[in-house]
Amino acid sequence: MEAVLFFLAALGALGGAMGVIAMRNPFYSVLALIVHLFSLAVLFLLLTAAFVAAAQVVVYAGAVMVLYVFVVAYVGGGGESAWEPIPGQRFLAPLLGIALFVELSVAVLSSALLALGTHGPDVEAGFGDPAAIGTLLLEKFLLPFEASSILLLLAAVGAIVLAGRKREETA
Amino acid sequence: MSATPWAWLVLLFPLLGSIVIGLGFRVLPRRVAGILGTVSIALAFACGVGALLSLLGDEPEARHHASSLWDYASAGGLDIKLGIFVDPLSIFMVLVVTGVSTLIHLYSYGYMQSDEGYHRFFSYLNFFVFSMLLLVLAGNFVLLTVGWAFVGFASYALISFWYRRETATRAGMKAFVINVVGDIGLVLAAFLIFRELGSFDFGPVFEKAPEVFTTNEWTVTAICLLLLVGAFAKSAQLPLHTWLPDAMEGPTPVSSLIHAATMVTAGVYLIARTHVLFELAPTAADVAAFVGLATLLVAATTALVMTDLKRAIAYSTMSQIGYMVMGVSIGAYSAGMFHLMTHAFFKALLFMAAGSIIAAMANDQNIDRMSGFGRAMRFTSIAFLCGALALAAFPGTSGFFSKDEILAFAEARGGMYLIFTVLGYFGALLTAVYSFRLVFRVLSGTPCKEARELIETGHVAHGEARNPATGEIEDTDVGFPGPEHHIAEQTWSMRAAMAVLAVLALVGGLVQIPGVDDVVGRFLEPVFEASPLAHIHPSIAEDYVGLGIGGAIALLGIGIAYFLYVAQPQRPRQLEQRLRPLHTLFANKWYFDEAIELLVVRPALAVGRFANRVFERLVVDGLVSGAEGTVRGAGGVVRAVQSGFVRSYALLLLVGFAGLALYFLLSSS
Amino acid sequence: MNVEWYIVLSALLFCTGAVGILIRRSPMVILLCLELMLNAGNLALVAFSRMVGNQEGQVFAIVVMVVAACEVVVGLGLIVAIFRRRLPLNVDDLRELRG
């Protein structure tokens, strides 16, 4: 059962990823990414990370992607011309991507980390629950938590500054 | 007070004078600056007398004191102190230098009155006296070299005093460059002395030298030859003499002080001071004597045909210093120093008188245009005559006794040295001829235009301001001679100085009459005690025979001059035609300038040109531009990577990452 | 499923995102591909967290999500600003920083 779910979710994730990079219209790319994000949420659930999965759906697929949709609607989605100004880019990029993938896989599969071949230790019931994550966030990882909030503030301010309309010159 | 504090004071006053006048040139009025300059040297003279008196209070054997202010360098085996050495020889030089300098300062007070650079003049002149005193009072070879170099600089500054005149600056540079050659010789000699004897101080050096060196060993000969290079450059002996005639570009007081009485005698002083070394290297001493003799004759022959008044007197200086160099090289130390003293008197006087005459000629120095000043300028003529009589060694004058003492010594030494006596007398004949040539040409005869103007109106002739050598027009502002010309008849300070010197030139020899008194000789005796040569004394009879011959030669020379220039004035022209090649040789100063130009200047310029064209351009520039080009090329290549395309940057990133991962994979397997 | 599968999947997604960045020219799509890569990283983190048995990896993944969100916000702001100035929305045309 788990395997089936895994493969379905994996297919969804891969499909979404392919869609993102292959679609001409940026809007379609956004939609493909949403599909990808949902599949990832399923995968997180399979890995007993309930809170992360929920956050993925609510925050990522919910908020961030909505933002994307708004911007795509504003900016519009033109296609890109076929001509490639950088010589060799179109050829080298997939090649390198494949090379990298091969290297990473080899690294993982022939790794001395034997634990990789297992499902992981048995975990208690509340593993990955919001309570558990929240406790960690507020106890052990308080500083990163606070830092992230500052980061969010900065990003918000930055975005307003960047995208705000320029004030007209007053005489 | 013992002698050394007096000696330090001697050094102090001229230095203070120079600094005060130099720094205060805007605030001090002219007269004050002149008075200050003169008084500081007079004070130095007074302190010199004080040092003399205290020295005389010592026992003759103990008449040498060294004193040092502080250690200049004591490290690594070196022990150089800022030290002076007071003994009869240095006090003698101090007295001569300060005495004559005081008179020359007094003379300049009047002569340079209308010059814009009055303060600068006195500052430089005081500095020169300070350097010369430093040279003679120095107690070790390092301080001697310091004084030597300072004197060279002061000479340069004063020769090119009228710095807007191109001929003057060129002459100054020539003097300085040749003097530097001498400095090199002196410094190398000092190095060798230190290497062999382990000290720079005079006392230890002269004590140890006879023990360390054997006679004519190559080291001591090398030291002496190097010292001679220095001495010849400073004293304008062959072949380093070409700067002296050109140095006449400086104002007349400068010629009179530096190039007659003091700086050019530094070489003579050096040889006398280091006589211990020269006696250990007789070959070098003989070389010096022969060079002195050669200079004597070459300069005397050149002076015979010189038409520039100051240059003629300059060659006369060169010739007389040849006598002195010859004297101290063959062992006639006190005779040589005595001649130094009398020469200072009469040569300074001759230059002063010449300055007065040239001023009357509106700065024209050509004797072909001068005549009849005997009537126009009584005082100056008499002074000039006194000087010329002493120069020609007219019986009874100071020059008579001093010159003949040297020649008598040469005869007493015998053997090869008789050459010096014979040729020395021949030189004396030439001296008498040329000195009275000047007297008769300039002073006698019908007055020339300027002289007539002076007789009739009492005013000094006023021409356009011109460079006497090249005839270029000048103005009379700073850097050029002033607008007014001052003659002795109208300026009391010039008269006072010349009068004192005239008296000294005439009677100064009376201190050293053979058989009667021996003031200089006995005073200097302690210095040369240990020298075997100094004990050679001609007998009284030999002395008087020498004096007789000398007197006769002088009168003969004066007679010849009278014959050629007064009785039969067309004769010189005829002689010139008959002996044309000889005349050309003399008139071209024996072609030394041309020889140096060919042998030294042109090769140096060629090397410079080669260095500039080939070495600099190809090698140095090539290296530098090559490096630059390489860097620029490399930069160009690297710059191509910065294309601005984000995606290509990302690609490179990925390539790097993949490469790194591959490396780690391979290295861990 | 063994953890390996998740990791290999994560690697595949990461490489896909990387290739996407290299190939696409619209800044919008490049940002999307960046999201892909970040999510791949998240997946790896969570998988390892499961492998190790504690939840620190998950907290890490949450922080990564926060950072990704901030970055997207600023990136989109940039895109809007570029669009407002009527510049071409094409990373190849925006290349003034060059040697």
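Only one of the numbered conditions (1) under 19 Å from the mean Cα position of the chain (by Cα); (2) buried (at least 24 other Cβ atoms within 10 Å of the Cβ) is not met by B:A294, and that is (2). Right, C:V74: under 28 Å from A:G76 (Cα atoms), of a type in the set (V, I, T) and either at pLDDT below 90 or in a helix (DSSP H, G or I) (or both) or not? Yes, satisfied. Considering C:A68, C:A61, the condition of being more than 7 Å from every other protein chain (Cβ to nearest Cβ), buried (at least 20 other Cβ atoms within 10 Å of the Cβ), closer than 18 Å to A:S149 by Cα and touching a helix residue (DSSP H, G or I) at 6+ places or on another chain (Cβ under 8 Å) is satisfied by C:A68 alone.
For the residues B:E616, B:E594, the requirement of being surrounded by fewer than 17 Cβ atoms within 10 Å (Cβ to Cβ) and closer than 30 Å to B:R437 by Cβ singles out B:E594.
Surrounded by fewer than 19 Cβ atoms within 10 Å (Cβ to Cβ), among the hydrophobic types (A, V, I, L, M, F, W, C) and farther than 30 Å from B:D364 by Cβ, is that true of B:V212? In short, yes. Applying the criterion of being part of a loop (DSSP other than H, G, I, E, B) and charged (D, E, K, R) to the residues of segment A:76-114, the residue that is modelled with the lowest pLDDT is A:E80. Just one residue in the set B:T342, B:T301 is out of contact with any strand residue (DSSP E or B) (no Cβ under 6 Å at 6 or more places or on another chain), of a type outside the set (D, E), under 17 Å from B:L391 (Cβ atoms) and surrounded by fewer than 24 Cβ atoms within 10 Å (Cβ to Cβ); that residue is B:T301.
For beta carbons closer than 9 Å, sequence separation of 6+ or different chains, a first residue in segment B:646-658 that is more than 12 Å from A:G97 (Cα to Cα) and a second that is of a type in the set (S, T, N, Q), the qualifying pairs are B:R647/A:Q89; B:S648/A:Q89; B:Y649/B:Q642; B:Y649/B:S643. If you go through segment C:18-55 and keep only what is more than 7 Å from every other protein chain (Cβ to nearest Cβ), without any contact (Cβ under 8 Å) to a residue 60 or more places away in the chain and more than 23 Å from A:A125 (Cα to Cα), you end up with C:L31, C:L34, C:M37, C:L38, C:A40, C:G41. Report whether or not B:L350 is in the same structural domain as B:T397 (by TED's automatic domain parsing), touching a residue at least 60 places away in the same chain (Cβ under 8 Å) and under 20 Å from B:H583 (Cβ atoms). For B:L350, the condition - in the same structural domain as B:T397 (by TED's automatic domain parsing), touching a residue at least 60 places away in the same chain (Cβ under 8 Å) and under 20 Å from B:H583 (Cβ atoms) - is not met.
So, B:F615, is that one within 30 Å of C:G20 (Cβ to Cβ) and outside the structural domain of B:L240 (by TED's automatic domain parsing) or not? Judged against the criteria, B:F615 is not a match.
Residue check: is B:T219 in contact with a strand residue (DSSP E or B) (Cβ under 7 Å, 6 or more places away or on another chain) and assigned by TED's automatic domain parsing to the domain that holds B:I357? The answer is no for B:T219. Quick one: which residue in B:F153, B:F121, B:F176 is surrounded by fewer than 18 Cβ atoms within 10 Å (Cβ to Cβ), under 18 Å from B:H259 (Cβ atoms) and modelled with pLDDT of 90 or more? Answer to the selection: B:F153. In segment B:565-669, counting only helices (runs of 4 or more DSSP H) that sit wholly within it, the ones holding 3 or more residues that are of a type in the set (D, E, K, R) and farther than 30 Å from A:P85 by Cα span B:571-578. When A:L154, A:L137, A:L113 are screened for being at the interface with chain C (Cβ under 9 Å from one of its Cβ atoms), of a type outside the set (S, T, N, Q) and more than 27 Å from C:A69 (Cα to Cα), only A:L113 passes.
Of the candidates B:L385, B:L389, B:L407, the single residue that is crowded, with 24+ Cβ neighbours inside 10 Å, at pLDDT 90 or above and either assigned to a helix (DSSP H, G or I) or touching a helix residue (DSSP H, G or I) at 6+ places or on another chain (Cβ under 7 Å) (or both) is B:L389.
Residue check: A:P130 meets all listed conditions (1) touching a residue at least 60 places away in the same chain (Cβ under 8 Å); (2) at the interface with chain C (Cβ under 9 Å from one of its Cβ atoms) but one, namely (2).
Per the conditions (1) touching a helix residue (DSSP H, G or I) at 6+ places or on another chain (Cβ under 9 Å); (2) in a helix (DSSP H, G or I); (3) surrounded by fewer than 22 Cβ atoms within 10 Å (Cβ to Cβ); (4) touching a residue at least 40 places away in the same chain (Cβ under 8 Å), the sole criterion not satisfied by B:G203 is (1).
The combined condition, being at pLDDT 90 or above, at the interface with chain C (Cβ under 8 Å from one of its Cβ atoms) and over 30 Å from B:L660 (Cα atoms), is not fulfilled by A:V57.
Of all the listed residues (C:L78, C:L97), the sole one being within 14 Å of chain B (Cβ to nearest Cβ), free of Cβ contacts under 8 Å to residues at least 40 places away in the same chain, aliphatic (A, V, I, L, M) and surrounded by fewer than 21 Cβ atoms within 10 Å (Cβ to Cβ) is C:L97.
From the list A:F70, A:F51, A:F7, the one residue that fits, being without any contact (Cβ under 8 Å) to a residue 12 or more places away in the chain, under 28 Å from C:F60 (Cα atoms) and at the interface with chain C (Cβ under 10 Å from one of its Cβ atoms), is A:F7.
Considering every residue within segment B:14-23, establish whether at least one is polar (S, T, N, Q) and surrounded by 14 or more Cβ atoms within 10 Å (Cβ to Cβ). Yes, segment B:14-23 contains at least one residue that is polar (S, T, N, Q) and surrounded by 14 or more Cβ atoms within 10 Å (Cβ to Cβ).
For every residue, the table says whether it meets (1) of a type in the set (D, E, K, R); (2) part of a helix (DSSP H, G or I); (3) surrounded by fewer than 11 Cβ atoms within 10 Å (Cβ to Cβ).
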{"residue": "A:L116", "(1), (2), (3)": "no, yes, no"}
{"residue": "A:V123", "(1), (2), (3)": "no, no, no"}
{"residue": "A:L136", "(1), (2), (3)": "no, yes, no"}
{"residue": "A:L143", "(1), (2), (3)": "no, yes, yes"}
{"residue": "A:I150", "(1), (2), (3)": "no, yes, yes"}
{"residue": "A:A156", "(1), (2), (3)": "no, yes, no"}
{"residue": "A:A159", "(1), (2), (3)": "no, yes, no"}
{"residue": "A:L162", "(1), (2), (3)": "no, yes, no"}
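With (1) of a type in the set (A, V, I, L, M, F, W, C); (2) touching a residue at least 24 places away in the same chain (Cβ under 8 Å); (3) assigned to a loop (DSSP other than H, G, I, E, B) as the list, and B:A75 as the residue in question, which single condition is left unmet? Looking at each condition in turn, B:A75 falls short on (2).
Scanning segment B:476-521 for residues that are in a helix (DSSP H, G or I), farther than 21 Å from B:Y109 by Cβ and out of contact with any Phe, Trp or Tyr (no Cβ under 7 Å at 6 or more places or on another chain) yields B:L506, B:V507, B:L510, B:V511, B:V519, B:G521.
The values are calculated or read from the model by the stated rules, or taken from the named source; none is laboratory data. None of these values were measured; they are calculated from a predicted model. When we count neighbours, we look across all protein chains shown, and the Cβ atoms used for this are built from the backbone with ideal geometry, even at glycine.
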